[in-house]
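S.K.: Pasting in a structure now, in structure tokens, and then I'll have a few things to ask.
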Amino acid sequence: MLPLAAEIDRSDRVPDRLVRRLAEERFLGLGIPAQWDGVAADSRSISAVLEELSRASAAVAVLVAVHLSVCAAPILTRGTEGQKARYLGPLARGEIIGAFGLTEPGAGSDTARIATRYREGAEGFTLDGTKMFTSSAVSAGVILVFATRDPALGHRGITAFLVPAGSPGFSVAQRFDKLGLRGSETTELVLHDVRLPRDARLGAEGEGLRIALGALTGGRVGIASCALGVAQAAFDEMRRAVARDDAEWKRPILARAFAELAAARALVERAAERKDAGEPFVTDASVAKLAASRAAVTIATAGIDVGAPESSRAGATAERLWRDARVFPIVEGTTEIQELILARELLDPPDGPKL
């Protein structure tokens, strides 16, 4: 898999043959009920799969995580029977890939500032706007897009829509060349008079932000698992470097990296377990994402130091892992956003103190 990871890193998308293999192995149907050709799997099992995929290629793992967590899952939990019948089978079989369009040029962490507009007419809805940094959008068959009836309404005006790729007026304006996760498609989408039928709306009018935040909370467990996979791969690379050159000063670095990796894994597993148990897991998801992304960056950075000069060479495995690791404090809610969520939950928890 490592030569393939290097190939993906040199590209801007996961190869079609690998997406087909993911579908054949049924990874794209994890957590989708069998009635739609999915595979019964709890959050802890999905987390383990994402970690192992990310250990080999973070770009592959992120494609699967986005597909499952922030596209298929909201359709499963909030979709009508017609929407489930239309999309869940093709998503589970890998006939289409799912994507998620929330971020905009002027709306990142502050989702209430969404400017993409929708108009309702006799036959359905019309969308106009731009989405930024949308993962898997070129390959996607359906994208969960969020738009507002009126920006002055703030979060109350946001509604979710299922937009089939290839709809008239739907286009990819540019693909972004990134520091890390290079094989993960990241694009700017333009929606110009995109006309949708009435059954394209997911959930009720004005429920878009609730749907988005719910998807992102669940998605953070998946992204934390992806970060954990990168941290594990960086640790493995560091251990090999120390074995080749057993300098005394390197041993404490290896030990600290192991401790941080173990702590992050425990937090990710706890978040997945609480999600599976149906317990509130907002705090657990945020702390897991925070810890796993920090562990990935810390361990990958230390791995460069321990393995230098070879590890710092462009194209070296340690160098690729460092670039991939650096993305995780940003995606699915920045480090600063996770800290704000945690502070809010700790100071004013909805169901009383958690600690």
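S.K.: With Rg and the Kirkwood Rh both taken from Cα atoms, where does Rg over Rh land for region 1-135? It would help to have the intermediate numbers written out before the result.
M.R.: Values: Rg = 16.6 Å, Rh = 16.4 Å.
Ratio of gyration radius to Kirkwood radius for region 1-135: 1.01.
S.K.: To continue, here is another question. When the Karplus curve 6.51 cos²θ - 1.76 cosθ + 1.60 is applied with θ = phi - 60°, which whole-Hz ³J(HN,Hα) does each residue of region 192-204 get, with x for Gly and Pro?
M.R.: Per residue, the Karplus-derived 3J(HN,Hα) values read 10, 6, 6, 9, 10, x, 4, 7, 7, 6, 9, x, 8 Hz.
S.K.: Could you give the distance between the Cα centres of region 1-60 and region 109-172, to the whole Å?
M.R.: Between the Cα centres of region 1-60 and region 109-172 lies a distance of 27 Å.
S.K.: Oh, and also: Per residue of region 295-307, what does 6.51 cos²θ - 1.76 cosθ + 1.60 with θ = phi - 60° give for ³J(HN,Hα)? Whole Hz please, x for Gly and Pro, Karplus curve as stated.
M.R.: 4, 4, 5, 5, 6, 5, 5, 5, x, 4, 5, 5, x
S.K.: If each residue's Cβ is checked for other Cβ atoms within 10 Å, how do 249, 36 rank with the fewest at the top? Walk me through the numbers on the way to the answer.
M.R.: Numbers: 249 8, 36 19.
Starting with the residue having the fewest Cβ neighbours, the order is 249, 36.
S.K.: Relative to the Cα centre, what is the charge dipole magnitude of region 209-347, using +1 at the beta carbon of each Lys and Arg, -1 at the beta carbon of each Asp and Glu, and rounding to the nearest 20 debye? List each step's numbers first, then the result.
M.R.: On the way: 19 positive and 19 negative charges, 26 e Å.
The dipole of region 209-347 has a size of about 120 debye.
S.K.: Once the dipole of the chain is set up with Lys and Arg at +1 and Asp and Glu at -1 on Cβ about the Cα centre, which of 8, 38, 89 lies farthest towards its positive end?
M.R.: My answer, from the dipole projection, is 8.
S.K.: Given only helices, namely DSSP H runs of n ≥ 4 each adding -39500 (n - 2.57), what is the per-residue ellipticity at 222 nm of the chain, to the nearest 500 deg cm²/dmol? Provide the component values of the computation, followed by the final result.
M.R.: Details: 11 runs with 174 residues, N = 355.
Roughly -16000 deg cm²/dmol at 222 nm, from the helical runs in the chain.
S.K.: Lysine pairs in the chain with alpha-carbon atoms under 30 Å apart, 8 or more places apart or on different chains: how many are there?
M.R.: Number of lysine pairs found: 11.
S.K.: On to the next question. Quantify how much of the Cα-Cα distance distribution of the chain extends past 27 Å, in percent.
M.R.: Pairs farther apart than 27 Å: 45 percent.
S.K.: Could you run the Karplus curve 6.51 cos²θ - 1.76 cosθ + 1.60 with θ = phi - 60° over region 249-265 and give me ³J(HN,Hα) per residue in whole Hz, x for Gly and Pro?
M.R.: 3J(HN,Hα) across region 249-265, in whole Hz: 5, 7, 5, x, 5, 4, 5, 5, 5, 5, 5, 5, 5, 5, 5, 5, 5.
S.K.: So how tilted is helix 58-67 from the main axis of the chain? Cα-based, degrees 0 to 90, rounded to 10.
M.R.: 30
S.K.: Considering amide H positions built from the backbone, and no H for Pro or chain starts, which residues 5 or more places from residue 140, or on another chain, come under 5 Å of its amide H?
M.R.: Long-range HN contacts for residue 140: none found.
S.K.: Given bins 5 angstrom wide, list per bin the percent of all Cα-Cα distances in region 209-347, short to long.
M.R.: Histogram of Cα-Cα distances, whole percents per bin: 2, 12, 20, 20, 16, 12, 9, 6, 3, 1, 0.
S.K.: Related question: What is the local net charge at residue 109, summed over the other residues whose Cβ is closer than 12 Å to its Cβ (Lys, Arg +1; Asp, Glu -1)? Before the final figure, lay out the partial values.
M.R.: Numbers: positive: 113; negative: 104, 110, 332, 336, 339.
In short, -4.
S.K.: Now, a different point. Tell me, how many Å apart are the Cα centres for region 265-288 and for region 216-231?
M.R.: Between the Cα centre of region 265-288 and that of region 216-231, the gap is 11 Å.
S.K.: Can you tally the net charge around residue 154? Count Lys and Arg as +1, Asp and Glu as -1, for every other residue whose Cβ sits under 12 Å from the Cβ of residue 154. Numbers along the way, then the final one.
M.R.: Values: positive: 113, 149, 156; negative: 110, 150.
Net charge in that neighbourhood comes out at +1.
S.K.: State to the nearest 20 debye the size of the charge dipole of the chain about its Cα centre, where the only charges are +1 on K and R beta carbons and -1 on D and E beta carbons. Each step should come with its number before you reach the end.
M.R.: Numbers: 44 positive and 46 negative charges, 40 e Å.
The dipole magnitude comes to about 200 debye.
S.K.: Using Cβ counts within 10 Å as a stand-in for footprinting exposure, how do 109, 43, 136 rank, fewest first? Walk me through the numbers before you get to the answer.
M.R.: Values: 109 11, 43 23, 136 26.
The most exposed by this proxy come first: 109, 43, 136.
S.K.: So for the chain: antiparallel DSSP bridges make up what percent, rounded to the nearest 5? The partial results should precede the final answer.
M.R.: Details: 28 of 35 bridges.
The antiparallel proportion sits near 80 percent.
S.K.: Where does each of 226, 71 land when they are ranked from fewest to most other beta-carbon atoms within 10 angstrom?
M.R.: Working: 226 33, 71 27.
Ranked by crowding around the Cβ, least crowded first: 71, 226.
S.K.: Now a separate question. Give me, ordered by chain and number, the residues 5 or more places off residue 104 or on other chains with an amide H under 5 Å from its own placed amide H.
M.R.: Amide H neighbours of residue 104: 132.
We did not get these values from a lab; they are worked out from the coordinates using the rules stated. Since the model is a prediction, treat every value here as computed from it, not as a measurement. A quick note on method: Cβ atoms are made from the backbone with ideal geometry, for glycine too, and the neighbour counts reach across all protein chains shown.
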